[in-house]
Amino acid sequence: MEELARVVEYQSGWVMVEVELKSACNHCSSSENCGTSAVAKAFSVKTQRFAIASDKSYQQGDMLKLGLPESVIIKAAALVYLLPLLGLFMFAALGHVLGLGLALDSNTSAMLMALIGSVLSWRIGKYFAHRIEADAQPVIISNLGQQVDLFRQV
């Protein structure tokens, strides 16, 4: 995964960069008629700042292309999306067995345990996904030079 970042400052081997966090909206053909797209346009663009170790020096305003290994994103997505499904099915089976063993309605106990299992495993997956993402350090792929402003203020 690649993203553009602007250099905010450079200090002894560390580059402070700023990345604009964009919404996934406005990228499809129906964005003109979409209500979700209108809501996404209404809110301002957010930025995130972080430091990256670098042996090269950069000037303020340089545009850098940053890269993050796809394996990090795939692992985090699998934890957040697949682990809750696994928890849902496992806890549903456990609830069904408990319902039969305790002479309760097995469908109700399966549904309740499935809900508990999916929420619990989602929280666990989210926790580990944050840890994976925190340990992943983006790398500088290339220096794109200074950003060009087409509309200069006089």
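Express the carbon and sulfur contribution to the solvent-accessible surface of segment 65-154 as a percent, rounded to the nearest whole number, probe 1.4 angstrom. Write out the running numbers ahead of the final one.
Details: 4680 of 6750 Å².
On segment 65-154, the fraction of accessible area on carbon and sulfur atoms equals 69 percent.
Short version: ³J(HN,Hα) in whole Hz for each residue of segment 95-112, in order, from phi by Karplus 6.51 cos²θ - 1.76 cosθ + 1.60 (θ = phi - 60°), x for Gly and Pro, what are they?
Each residue's phi maps through the Karplus curve to give x, 5, 5, 5, x, 5, x, 9, 6, 9, 5, 5, 5, 5, 5, 5, 5, 5 Hz.
Which value, in Å² rounded to 10, gives the accessible area of Phe89 with a 1.4 Å probe and all protein chains present?
Phe89 exposes around 140 Å² with every protein chain in place.
The values are calculated or read from the model by the stated rules, or taken from the named source; none is laboratory data. Please read these numbers as outputs of a predicted model, since none were measured by experiment. With ligands, DNA and RNA removed, areas are computed over all heavy atoms of the protein, side chains included. Shrake-Rupley method; radii C 1.70, N 1.55, O 1.52, S 1.80 Å.
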